[in-house]
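**Student:** Here's a structure for you.
Derivation of every value follows stated rules applied to the coordinates shown; laboratory data play no part. Not measured: the values here are computed from a predicted model. Virtual Cβ from ideal backbone geometry, glycine too; neighbours counted across all protein chains shown.
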């Protein structure tokens, strides 16, 4: 009964709050990595983005004026990772805070000797447990061009949300059983170590070096590439690509091959 009630509620929401076709087409034109999806996926994504907008609360700060274009651009990109998983994975938070550009956050850490260190960290996005999710609109707006290097701040932060969904930030989303978790750890650790070895050798690679910071950052960094530059990720990390294709239930590299 609960599932039936939610479907009825969502159908009513979509009738009242559907994303206008002209606005959706404009969004697709700005973000080719979204437009690469087939018609059936785009139709589902448009509906999912509308439901996302109905469930979340957007706040613009720093002089930025919130618009429908900003909200839809964020919603469309945020919904890519859960296109086949469903919006329930994002139920742990409501707020989305949008800054005009990157922000500087004052940090405090205590080392192993008990000494407190203060430093400034420049952020283009941040996902906090229980919310909100913070995003730089400048980075979101330029996601169409930055996709070529596998960068997407929206997908990065919302994959962090998926990681947090089970209450543990460990570079692993909730998985169905122990066998799936073991397989995830093996593939992720091997891919993570491959990136670190490549960087240590001065060779680099396609993935953002930031992913070598920790396995918790490697997951969203690699997931960015999976959704916006899938062929490059598949060429560099084929086992990781297959792991993500199974988890997200999507195979974007094949869609990017279409004429």
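**Student:** How high is the FRET efficiency between residue 142 and residue 35 when r is their beta carbon distance and R₀ equals 22 Å, given to the nearest 0.05? Present the calculation step by step, with values, prior to reporting the outcome.
**Tutor:** Working: r = 16 Å, r/R0 = 0.74.
E between residue 142 and residue 35, to the nearest 0.05, is 0.85.
**Student:** Subtracting the Cα-Cα distance from 0.36 nm times the residue separation, let me have the gained length for residue 242 to residue 121 in nm, one decimal.
**Tutor:** Working: separation 121, 0.36 × 121 = 43.56 nm, distance 3.35 nm.
In short, 40.2 nm is gained.
**Student:** Place the peptides 69-76, 129-136 in order of packing, highest mean first, counting for every residue the other Cβ atoms within 10 Å and averaging per peptide. Mind showing how you got there, number by number?
**Tutor:** Numbers: 69-76: 21.4, 129-136: 19.1.
Going from most to least packed, we get 69-76, 129-136.
**Student:** So what is Rg over Rh here for the chain, counting just Cα atoms and using Kirkwood for Rh?
**Tutor:** On the way: Rg = 18.5 Å, Rh = 19.2 Å.
My calculation puts Rg/Rh at 0.96.
**Student:** Test of understanding: ordering 244, 33 by Cβ neighbours within 10 Å, fewest first, what list do you get?
**Tutor:** Numbers: 244 27, 33 21.
Fewest-to-most ranking of 244, 33: 33, 244.
**Student:** Any idea how far apart residue 21 and residue 203 come out in nm if each label point goes 7 Å out from Cα toward Cβ?
**Tutor:** 5.1 nm
**Student:** Would you mind telling me the antiparallel percentage of the DSSP bridges in the stretch 2-256, rounded to 5? Before the final figure, lay out the partial values.
**Tutor:** Details: 11 of 19 bridges.
Percent antiparallel among DSSP bridges in the stretch 2-256 is about 60.
**Student:** Related question: Of 122, 169, 140, 187, how do they rank once you tally other Cβ atoms within 10 Å and put the fewest first?
**Tutor:** Values: 122 9, 169 15, 140 21, 187 18.
Ascending number of Cβ neighbours within 10 Å: 122, 169, 187, 140.
**Student:** By average Cβ neighbour count within 10 Å, what is the ranking of 81-87, 45-51 from highest down? The partial results should precede the final answer.
**Tutor:** Numbers: 81-87: 17.6, 45-51: 21.4.
Highest mean packing first, the order is 45-51, 81-87.
**Student:** Assuming 0.36 nm per residue, please report the length gained on full extension of the stretch residue 180 to residue 54 beyond their Cα-Cα distance.
**Tutor:** Working: separation 126, 0.36 × 126 = 45.36 nm, distance 3.29 nm.
Between residue 180 and residue 54, full extension yields an extra 42.1 nm.
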